[in-house]
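Have a look at the structure below, then the notes.
The values are calculated or read from the model by the stated rules, or taken from the named source; none is laboratory data. Since this is a predicted model, take the numbers as computed values, not measurements. Cβ atoms come from the backbone with ideal geometry, glycine included; neighbour counts cover every protein chain shown.
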Amino acid sequence: MNYTSSDSPNSKCSVCVLGQFCLPVGLTPSDVIKIDTLVKERVHLQKGENLYRHGDPLSSVYSVRFGTLKTEYCLQDGRQQVIGFHLPGEILGLDGIGEGHYQSDAIALEESEVCIIRYEAFEDLARQIPVLQHQFHRILSRELTQDQRHLLSLGTMRAEERLAAFLLNLSQRLAARGYVNNEFDLRMSRVEIGSYLGIQIETVSRMLSRFAESGLIQIKQRHIKLIDMDGLYELAGTPNPERPPQNKPCD
C-alpha cells in the first residue's frame, strides 16, 4: 500500500466531487474548515491488495475515492464469502465499530484509492457538528438496509432474479456517480459475483449467456451493456424508477 498526504487544496473534502455521498448538507463555513482537517491521508491500493483484514483493530473508516473494493469473510472450511462491493463515495470499515475490530477483509478489485478517516477524530468532530453525526447515522442505516435487502434476496429470489437485481443495483449506483447507467465493466469476477449472490459460477455464466440471448444485455468478457432495462426490472420483480407509475383503473 502507498500512503499519500491530502494537504493539497484540491484534495479537501469540501471540494471533492463525491462529497454528496460523505458530507451532510447545511454545514456552516466553520464546520467545513473543521471537516477538511478530518482526512489527512489517503492510501493507494493495487489490485488484490488488502486495505484491512478480519481481526485487525479498528483504527479508521474509509471512503472510496476511486476504484472498486470487495469485502469478504473467510469461512471455517477456507472458502471465501463475498459480502459486498464498494464503489467511489461509499464507506468501508463500519463493521468494526461494534467489536472494535474489523469483521471482514477489504480487498481492491482494481487500482483504487481510499480516504482514511481516523475513527477517534471523527467521533470527536461528530460531537461538535451534530449534522455530521446525523449523516453518519444515515450512512449506517443505508448499509443496514442494503444488507437486509441482500439477505431477503438470498432467501426469496430465484437465481436469475438475483442476478438481474445485482446488475440493476450496479447500474443505479454508477448513475448516481455520474456514469452511464447502462454500460459498464464488471470489476468483479464471475466467481465473486456467484459468491455474493449465493450462485454457482457455472450458473452465473449460463444466466449471463441466457440474458444475452434474450436481448436483455450484451456482454463481452467483463464489459456489459444493459439493453432492455424494463425487461431486467420485470425479471427482478421491481418497478423501473425511470418509468412513471401507472394508475390502476378504478373498480
| said: Of the residues Glu72, Glu110, only one is part of a strand (DSSP E or B) and closer than 25 Å to Ser195 by Cβ; which? | reply: Glu72
| message | Restricting to the range 82-117, name every residue that is under 21 Å from Leu174 (Cα atoms) and free of Cβ contacts under 8 Å to residues at least 24 places away in the same chain. | response | His86
| field | Verdict on Tyr196 being surrounded by fewer than 19 Cβ atoms within 10 Å (Cβ to Cβ) and either outside any loop (DSSP other than H, G, I, E, B) or of a type outside the set (Lys, Arg) (or both) | value | no
| message | Which condition from (1) touching a Gly at 6+ places or on another chain (Cβ under 6 Å); (2) exposed (fewer than 14 other Cβ atoms within 10 Å of the Cβ) is the one that Glu202 breaks? | response | (1)
| Within the bounds of the range 157-178, is there any residue that is over 21 Å from Asp230 (Cα atoms), buried (at least 20 other Cβ atoms within 10 Å of the Cβ), among the charged types (D, E, K, R) and in contact (Cβ under 8 Å) with a residue 40 or more places away in the chain? | no
| request: Check Leu174 against each of (1) within 28 Å of Arg79 (Cα to Cα); (2) in a helix (DSSP H, G or I); (3) touching a strand residue (DSSP E or B) at 6+ places or on another chain (Cβ under 7 Å) and name the one condition it does not meet. | output: (1)
| note | Those residues of the range 115-135 that are out of contact with any Lys or Arg (no Cβ under 6 Å at 6 or more places or on another chain) and within 21 Å of Leu45 (Cα to Cα) come to a total of 4
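Just the residues that are touching a Phe, Trp or Tyr at 6+ places or on another chain (Cβ under 8 Å), in a strand (DSSP E or B) and surrounded by fewer than 18 Cβ atoms within 10 Å (Cβ to Cβ), please, taken from the range 75-104. Walk me through it before giving the result.
Let us first name the residues in the range 75-104 that are touching a Phe, Trp or Tyr at 6+ places or on another chain (Cβ under 8 Å), namely 80-85, 88-93, 95-97, 102-104.
From the residues that got through so far, the ones that are in a strand (DSSP E or B) too are 80-85, 91-92.
Passing the criteria: Gln80, Gln81, Ile83.
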| task | Name the one entry in Met188, Met207 that is within 29 Å of Gly19 (Cα to Cα) and either surrounded by 13 or more Cβ atoms within 10 Å (Cβ to Cβ) or not β-branched (Val, Ile, Thr) (or both). | result | Met188
| message | Give me the residue from the range 214-251 that is assigned to a loop (DSSP other than H, G, I, E, B) and modelled with pLDDT of 95 or more and, out of that set, surrounded by the fewest Cβ atoms within 10 Å (Cβ to Cβ). | response | Gly215
| request: Just need a number here: residues in the range 3-54 that are surrounded by fewer than 14 Cβ atoms within 10 Å (Cβ to Cβ), closer than 26 Å to Arg187 by Cβ and at pLDDT 80 or above. | output: 4
| message | Residue under question is Leu226, and the condition is that it be in contact with a Phe, Trp or Tyr (Cβ under 6 Å, 6 or more places away or on another chain), under 27 Å from Glu143 (Cα atoms) and not assigned by TED's automatic domain parsing to the domain that holds Lys47; does it hold? | response | no
